[in-house]
1. Evaluate the following for Ala210: is it within 16 Å of ligand 2 (Cβ to nearest atom) and out of contact with any Gly (no Cβ under 8 Å at 6 or more places or on another chain)?
2. (1) part of a loop (DSSP other than H, G, I, E, B); (2) within 16 Å of ligand 3 (Cβ to nearest atom); (3) of a type in the set (Ser, Thr, Tyr): which one isn't true of Ser206, the others all being true?
3. Go through the range 48-98 and give me each residue that's charged (D, E, K, R) and under 14 Å from the mean Cα position of the chain (by Cα).
4. Is it fair to say Tyr188 is under 15 Å from the mean Cα position of the chain (by Cα) and free of Cβ contacts under 8 Å to residues at least 40 places away in the same chain?
5. Only one residue in Lys247, Lys211, Lys231, Lys197 is in a strand (DSSP E or B) and charged (D, E, K, R), so which one is that?
6. Scan the range 192-211 for residues that are modelled with pLDDT of 95 or more and either over 16 Å from Pro47 (Cβ atoms) or acidic (Asp, Glu) (or both) and jot them down.
Amino acid sequence: MISSIVFILVLSVHQCDSYPYLASKLQPDIFHPFQEPGPNDIRGPCPGLNAAANHGFISRSGITTLAELVQMQQDLYNVGLDLAIVLATVGVALDGDILTGKLSIGKESSAVPGLLRTPGGLNAHNKFEGDTSLTRNDYYLADGDNFRFNGTLYGMMYAEAQKNNGLYSWKAMADYPLLLYGAATFLYELFPNGTDKLPTEKVISSFFGAKQTGNGKWAATPERIPSNWYKRETPYTLVDVAVEILKLYLEHIALFGGNTGRPNSFILNPLQLTLDKQTVNGILCFLYQTILSVVPSQIETLVTTPLAILNYLTANLDPIFGPQFGCPSTSLDQIVAKKQ
Ligand code: HEM
Ligand SMILES: *[C@@H]1O[C@H](CO)[C@@H](O)[C@H](O)[C@H]1NC(C)=O
Ligand SMILES: *[C@@H]1O[C@H](CO)[C@@H](O)[C@H](O)[C@H]1NC(C)=O
């Protein structure tokens, strides 16, 4: 028994040598088997995180931590360290607990403590989760169900891919109405098999858990890493994301905003990707400003909670966005000074 485990390990290490980009992904990955979520396991709006939980790259319970998220994104998807830190930090700061670093990847849970009350988890609306998603309903248009897979929406995205040789490439995503530019790039940058880099129906439907049920309909099944799948060869960094977002945006310029409670009540966000911001640094600073703007709506009153959260965001993210991309300093003192 022991010798056969050693044998498997040796075999895997050998595979890593010949395919460096396999890194910790073993084939078959005996340490991360697929398992359907149990009745008390939490899943939410993000197919990337749901798939990670269904394979135990993060806790199968759906209650994860900052450290787990940063590690998993690199191990499983080869997300660059900078982007991995940004996504995880924003998730924990807006929807989780900054003291313990805990986060629910779906509905709120008493397993995640909060500064004042239980944080909302990733399902919470208008924190990390916004509208105009790929396969999730808008919050106000669906009685608050903004996190479950919607087969009609997947079918519409599928139709765009069909017009594009069956591929969910940037062209298909640019033609699909969305505002979730960053996540849209994940379909063709993070989900493809690292060997052929193609966002095929096979890999995309597996990660989304989309299953065709006949008469053109799609049903939800647990999100799954395709078998024999390899992660991308090079890390997907913040700069890469900025380049892709600009490409998507320029193909069909759309204004940022959101629905406010009734159909056709789209309100413009004051932050827009104006011409002067359409460079790599411009886009990244715009993203950073957008991230911070979610918190300071409450900062005028200098309530303790938003201040602590803002502090957490700037402490983690200033070192990434400041020196590297020249984004203006966002230290708490400066933000508070501007508001007064
Ligand atoms: C800590 C890391 C991450 C966090 C906190 C996170 C969180 C989220 C949230 C809250 C949404 C919903 C956004 C909305 O509907 O407005 C979302 C969507 C999405 N995420 Fe993630 N995510 C993370 C990493 C990833 C990774 C690594 C991938 C891909 C490998 C990924 C793929 C996606 C995709 C494709 C969507 C769009 C789903 C849809 O609209 O149908 N995410 N994510
Ligand atoms: C799915 O999305 C379609 C198109 O937006 C919508 O008409 C439908 O009500 C949604 N279905 C569910 C179950 O929310
Ligand atoms: C990924 O590519 C490898 C090498 O070509 C292949 O053996 C494997 O079946 C592919 N996996 C998927 C899910 O397409």
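The values are calculated or read from the model by the stated rules, or taken from the named source; none is laboratory data. Fair warning: this is a prediction, and the values are worked out from it, not measured in the lab. Cβ atoms come from the backbone with ideal geometry, glycine included; neighbour counts cover every protein chain shown.
1. Working: within 16 Å of ligand 2 (Cβ to nearest atom): yes; out of contact with any Gly (no Cβ under 8 Å at 6 or more places or on another chain): no.
So Ala210 fails the test.
2. (1)
3. First, the residues of the range 48-98 that are charged (D, E, K, R): 60, 68, 75, 82, 95, 97.
Asp82, Asp95, listed by residue number.
4. Details: under 15 Å from the mean Cα position of the chain (by Cα): yes; free of Cβ contacts under 8 Å to residues at least 40 places away in the same chain: yes.
Yes: the conditions hold for Tyr188.
5. Working: Lys247 fails: in a strand (DSSP E or B); Lys231 fails: in a strand (DSSP E or B); Lys197 fails: in a strand (DSSP E or B).
Unique residue meeting the criteria: Lys211.
6. Leu198, Glu201 - these are the residues of the range 192-211 that are modelled with pLDDT of 95 or more and either over 16 Å from Pro47 (Cβ atoms) or acidic (Asp, Glu) (or both).
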